[in-house]
Ligand code: AMP
């Protein structure tokens, strides 16, 4: 699959598309991946439109940290003592959805499917 033109995650944030929500704060939303690659597979996204991690800069740095804070809270909520975090950056990095997202995966993920 190639880079999508439509940002489906923006539609999820706007409530136009459903999701199975796991965590939400003022800036962050996390929901279960529709095609899980592990027993637990969650996507953590910012509510602001950032396309890839290449857009990180001094001004938006905090939002990147908040993705990790959300991962920590999700692990607590799901009573997971260990997990994997994965991020595809840009089309050439395997990113399909053009909205920044951190994959939160249980340890059974073997690192090859994303
Ligand atoms: P990436 O390849 O890093 O862009 O990952 C995009 C992820 O979004 C994939 O793991 C998809 O299974 C997932 N995905 C696509 N559409 C939806 C959706 N509507 N709800 C939840 N997850 C989705």
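All of the numbers you see were taken from the coordinates with simple rules; none came from a lab. Computed from a predicted model, the values in this text were never measured in an experiment. Counting neighbours? That spans all protein chains shown, and the Cβs are built from the backbone with ideal geometry, glycine included.
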Return the single residue from 18, 98, 46 with maximal mean-square fluctuation; model: Gaussian network over the chain, springs between Cα atoms under 10 Å.
18
Quickly work out the residue 61-to-residue 14 label distance, labels modelled 7 Å from Cα along the C-beta direction, and quote it in nm with one decimal.
3.3 nm
Can you tell me the length gained on complete extension of the stretch residue 35 to residue 113, counting 0.36 nm per residue apart and subtracting the Cα distance?
27.0 nm
Where does the chain land on Rg(C-alpha)/(2.2 N^0.38 Å)?
1.00
